[in-house]
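The values are calculated or read from the model by the stated rules, or taken from the named source; none is laboratory data. Everything numeric here is computed off the predicted structure, so don't read it as measured data. All Cβ positions, glycine included, derive from the backbone under ideal geometry; neighbour counts span all protein chains shown. These area figures cover heavy atoms from the full protein model, side chains too; ligands, DNA and RNA do not enter into them. Shrake-Rupley method; radii C 1.70, N 1.55, O 1.52, S 1.80 Å.
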Amino acid sequence: MSGDPTLERIAQGEGLALCAAGNWTARFAPALERIVSDAEKLRGSRPHIFIDVSQVASLDTFGAWLIERLRRSLSDASAEAEIAGLSANYSSLVDEVRRVGPAPRVVSDRLSITGMLEQIGRTVAGVGGTIIGLVDMLGAVLAAAGKVLIHPRSFRLTSTVHHLEQVCWRAVPIVVLITFLIGCIISQQGLFHFRRFGADIFVVDMLGVLVLREIGVLLVAIMVAGRSGSAYTAELGSMKMREEIDALRTMGFDPIEVLILPRMLALVLALPILAFLGAMAALYGGGLVAWLYGGVDPEAFLLRLRDAISIDHFIVGMVKAPVMAAVIGIVACVEGLAVQGSAESLGQHTTASVVKGIFFVIVMDGVFAIFFASIGM
């Protein structure tokens, strides 16, 4: 005998009897799928339905599931199909497969006012939960910083320097390059449009104020959120998945003080430095384009820049930087500690960290713009 699976119909009056034989294993999957699909077409209102498996030579999980699927397909409200002839070796396997419930039906919700209001409510509740989590993390970081101030020996200087190197020193090339290019683009576009009015020199005013107050620190903060914020979330999320954070608590260490405080401090120190370097690179790029493309002499550019900007513009940008760094760090750490035990969760929270970090950075920039305008800066 070849051992190929078969399923024959046996005449039994008004009832239905099927006799399975051969090898019902994954090796014969195509043939088994075809056999079971043909048998499922026999469903109807019948008083008795039997599936005889006494002649089955070998059975694995795949074959047991197909037999169970056939039984469910042939059953209806008036009669339930029965499996007969199970050997002692296979009865437990079929019983285990039978315990698997059918897949839940996915019912698409119709668009309704109630559904829309429910979705809005869930979204608002989610935003509220996010804000509460950020405030809770801010309080925990401030409490850990207070402990370190009381007991300076507990401060982890080596860890802070390590993270400062990662988020500041190693980020300098990409930050300087991007801001340099942005300065070039702003200068070129300004010259192109101002030239129509014979106001080429006012490009220097626009470039200086825009870079020092807004674009410089905002662009650097967005790059830091995408680069360092995502790294923080991935690192803390991986530690959470491997239960390293729980191990720290078991050993009597505070994860906020050991893991989060050094990262936060490094980020708060790094962002003003990167914002300053980025602003200088943007001004240099803008001056270079103004010279080569617009014919503005470098000496004239510097003289106009000195008259166009004041120390207040520089202070505004530098005040924004540490606050934005704190926001990025808190969001990244909250998302990192929220990771569950799967790679999918890690990816979702890393993405959420970048999106929320950039969102809150832009919101804070708007708040600062309103505040400084109200005090005349």
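Numbers at a glance
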| item | result |
| --- | --- |
| Of all residues making up the range 246-282, the number that are farther than 18 Å from G139 by Cα and in contact with a Pro (Cβ under 7 Å, 6 or more places away or on another chain) | 4 |
| Any hit, the range 184-204, residues being in contact with a helix residue (DSSP H, G or I) (Cβ under 7 Å, 6 or more places away or on another chain), within 22 Å of V323 (Cα to Cα) and not aliphatic (A, V, I, L, M) | no |
| Cross-chain or 6+ apart pairs with Cβ under 7 Å, the range 307-320 first and touching a residue at least 24 places away in the same chain (Cβ under 8 Å), then open to solvent by 20 Å² or more (accessible area, probe 1.4 Å) and part of a loop (DSSP other than H, G, I, E, B) | D312/M377; V316/M377 |
| Criterion: assigned by TED's automatic domain parsing to the domain that holds I222, under 20 Å from G336 (Cβ atoms), in a helix (DSSP H, G or I) and among the charged types (D, E, K, R) - qualifying residue of R170, R153 | R170 |
| Where G252 falls short, out of the listed (1) at pLDDT 90 or above; (2) outside any helix (DSSP H, G or I) | (1) |
| Test: residue in the range 259-271 that is over 26 Å from L346 (Cα atoms) and modelled with pLDDT of 90 or more | yes |
| Residues located in the range 213-254, provided they are farther than 30 Å from F371 by Cβ, touching a residue at least 12 places away in the same chain (Cβ under 8 Å) and not β-branched (V, I, T) | A231, A234, E235, L236, G237, S238, M239, K240, M241, D254 |
| Qualifying positions in the range 107-166 - polar (S, T, N, Q) and within 27 Å of the chain's Cα centre (by Cα) | S108, Q119, T123, T130, S159, T160, Q166 |
| Given (1) acidic (D, E); (2) under 16 Å from E214 (Cβ atoms); (3) surrounded by 24 or more Cβ atoms within 10 Å (Cβ to Cβ), index of the condition E335 fails | (2) |
| Test: V361 is touching a Lys or Arg at 6+ places or on another chain (Cβ under 6 Å) and either assigned to a helix (DSSP H, G or I) or open to solvent by less than 20 Å² (accessible area, probe 1.4 Å) (or both) | no |
| Of the criteria (1) under 24 Å from R99 (Cα atoms); (2) modelled with pLDDT of 80 or more; (3) open to solvent by less than 80 Å² (accessible area, probe 1.4 Å), which one F50 fails | (2) |
| Matching entry among L134, L181, L164 (being in contact with a helix residue (DSSP H, G or I) (Cβ under 7 Å, 6 or more places away or on another chain), closer than 27 Å to I273 by Cβ and not assigned by TED's automatic domain parsing to the domain that holds A300) | L134 |
| Tally of residues being under 19 Å from S353 (Cα atoms) and open to solvent by 100 Å² or more (accessible area, probe 1.4 Å) across the range 116-153 | 2 |
| Single residue of the range 285-318 satisfying the filter (closer than 16 Å to V220 by Cα and not β-branched (V, I, T)) that is most open to solvent (accessible area, probe 1.4 Å) | F314 |
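Residue-by-condition table, conditions (1) among the polar types (S, T, N, Q); (2) out of contact with any helix residue (DSSP H, G or I) (no Cβ under 6 Å at 6 or more places or on another chain); (3) open to solvent by less than 10 Å² (accessible area, probe 1.4 Å):
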{"position": "I215", "(1), (2), (3)": "no, yes, no"}
{"position": "T233", "(1), (2), (3)": "yes, no, yes"}
{"position": "G237", "(1), (2), (3)": "no, no, yes"}
{"position": "E244", "(1), (2), (3)": "no, yes, no"}
{"position": "A247", "(1), (2), (3)": "no, yes, no"}
{"position": "M251", "(1), (2), (3)": "no, yes, no"}
{"position": "I256", "(1), (2), (3)": "no, no, no"}
